[in-house]
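The values are calculated or read from the model by the stated rules, or taken from the named source; none is laboratory data. From a predicted model like this one, the values you see are computed outputs, not experimental measurements. Here Cβ is always computed from backbone atoms with ideal geometry, including for glycine, and neighbour counts include all displayed protein chains.
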Amino acid sequence: MQQTTWDVIIAGGGSAGLSAALMLGRMRRRVLVVDGGAPRNRFAGHMHGVLGRDHTSPLDLLAAGRAELGRYDGVVIRSGEIAEASVIDGDGDGPGGGEGLGGGFAVTLADGERHEARRMLLATGLRDELPDVPGLTEQWGRGAFLCPYCDGWEHRDRRIAVLITNPMYVHATQILRQLSPDVTVFAAGTASGGIELAPEARAGLDARGIAVEERAVEAVVADEQGALRGIRLTDGTVTAADVIFVSATPVPNDALLRTLGAEFATGPDGVDWVQVDAMGRTSVPGLSAAGNLTDGRSSVPYAMSAGSMAGAAINGELVEAEVRAALSNTAPTAA
Ligand SMILES: Cc1cc2nc3c(=O)[nH]c(=O)nc-3n(C[C@H](O)[C@H](O)[C@H](O)COP(=O)(O)OP(=O)(O)OC[C@H]3O[C@@H](n4cnc5c(N)ncnc54)[C@H](O)[C@@H]3O)c2cc1C
């Protein structure tokens with residue numbers, strides 16, 4: 001018979017969600033991981049900065065993680081999307097807060113299947129909203145990247161273009177300058193607008209020999225094989241480039257968090273991020289969040305760490321609830 005009641009339901013089976021499932025599975029928890037199968041870095045052929053897995057496929061890492069979880073019979077990984085979630089009060093003690101061993105959350109999958117769990121972890125990641133430049137989407141993860149630490153080294157000493165649509169990305173540009181003497185910033189952005197470089201930011205770029213192109217970007221140019229070759233400007237000029245780094249806007253996949261009533265706050269990047277403590281706990285009792293869903297800067301190791309912490313914290317809370325329940329069961333009753 002299909003099991004529909006779990007200790008923990010995890011939405012998202014990327015680095016964060018699977019790491020949490022590993023901790024919980026090892027503690028013999030019954031865990032359902034529902035995964036939409038669209039990790040943020042699926043566009044990249046290789047993943048970097050991940051110790052023991054540097055320059056390997058990000059999809060291979062997740063496949064290995066899923067295979068490892070096969071050792072733990074309490075963990076079930078299900079392909080699909082959680083479409084809806086709600087707080088329930090399985091045994092009258094409230095979600096996550098009381099002694100209750102009953103349900104705290106109910107979810108409905110996109111195919112209509114319904115499940116309940118005592119705790120819930122959201123690790124649904126984010127999507128990157130790219131500037132509206134023809135040819136850019138096709139290059140994402142191939143000739144266009146976001147993070148110097150993830151993909152800069154592979155382009156050392158090459159012609160690096162940087163499209164800045166967010167002042168915070170000036171810092172990333174200076175990091176890229178460590179890797180190549182040939183860095184050009186396109187600060188005028190796209191035909192629909194760019195950013196005004198602050199005088200000190202401009203001075204820093206000049207001081208380190210970073211070229212600043214004042215004309216706006218019209219398109220990313222590729223050769224017949226699809227490899228990035230340059231940047232076309234609005235006046236038709238093509239500037240040769242081997243790679244483009246872009247300040248994408250992070251859009252957290254946070255619909256479930258909002259439905260469940262978690263608290264958000266606007267970060268320095270102007271994006272509304274869910275508020276979590278060091279163990280991934282949100283403001284909603286029993287509801288945790290981890291990985292890129294909580295922080296746009298999260299890399300794979302960071303997501304793994306956050307998921308692992310959240311998984312252990314959830315298990316610890318369940319143990320405490322079980323101790324309280326055992327104590328109340330053994331307490332002497334009044335004559
Ligand atoms: C082009 C590119 C290259 C990158 N390269 C690197 C790199 O080299 N090294 C590095 O460390 N990091 C890299 N990153 C960052 C890396 O992708 C993230 O840090 C990492 O994927 C975050 O893991 P996560 O588990 O939080 O989210 P994700 O890996 O994005 O996983 C989230 C999962 O949740 C699923 N999901 C979403 N909504 C639902 C739902 N409602 N129900 C069920 N499932 C759902 C998604 O389908 C997805 O499978 C790169 C990112 C990009 C964009």
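Below is a table of values for the structure above.
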{"read-out": "Residue match in the range 285-308 (condition: away from the ligand (no atom under 15 Å from the Cβ) and touching a Leu at 6+ places or on another chain (Cβ under 9 Å))", "value": "no"}
{"read-out": "Selected residue (criterion: farthest from the ligand (Cβ to nearest atom)) from residues of the range 231-267 that are among the acidic types (Asp, Glu) and more than 30 Å from Val284 (Cβ to Cβ)", "value": "Asp235"}
{"read-out": "Scan of the range 27-55 for residues that are β-branched (Val, Ile, Thr) and part of a loop (DSSP other than H, G, I, E, B), ordered by number", "value": "Val50"}
{"read-out": "Lone unmet requirement of (1) in the same structural domain as Asp295 (by TED's automatic domain parsing); (2) touching a residue at least 24 places away in the same chain (Cβ under 8 Å); (3) not charged (D, E, K, R) for Ala255", "value": "(2)"}
{"read-out": "Single match in Val276, Val300, Val323 (criterion: surrounded by 21 or more Cβ atoms within 10 Å (Cβ to Cβ) and free of Cβ contacts under 8 Å to residues at least 60 places away in the same chain)", "value": "Val276"}
{"read-out": "Conditions (1) more than 9 Å from the ligand (Cβ to nearest atom); (2) at positive phi; (3) in contact (Cβ under 8 Å) with a residue 40 or more places away in the chain: number failed by Gly52", "value": "(3)"}
{"read-out": "Strands (runs of 3 or more DSSP E) wholly inside the range 196-236 that include at least 3 residues being within 16 Å of Leu176 (Cβ to Cβ) and touching a residue at least 12 places away in the same chain (Cβ under 8 Å)", "value": "211-213"}
{"read-out": "Val34 being of a type outside the set (Gly, Ala, Ser) and over 18 Å from the mean Cα position of the chain (by Cα)", "value": "no"}
{"read-out": "Condition met for Asp73 (exposed (fewer than 15 other Cβ atoms within 10 Å of the Cβ), within 14 Å of the ligand (Cβ to nearest atom) and modelled with pLDDT of 95 or more)", "value": "no"}
{"read-out": "Check on Ser308, buried (at least 16 other Cβ atoms within 10 Å of the Cβ) and in contact with a strand residue (DSSP E or B) (Cβ under 8 Å, 6 or more places away or on another chain)", "value": "no"}
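Conditions tested, residue by residue: (1) more than 10 Å from the ligand (Cβ to nearest atom); (2) surrounded by fewer than 21 Cβ atoms within 10 Å (Cβ to Cβ).
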position	(1), (2)
Leu121	yes, no
Arg127	no, yes
Thr137	yes, yes
Phe145	no, no
Tyr149	no, yes
Glu154	no, yes
Val162	yes, no
Asn166	yes, yes
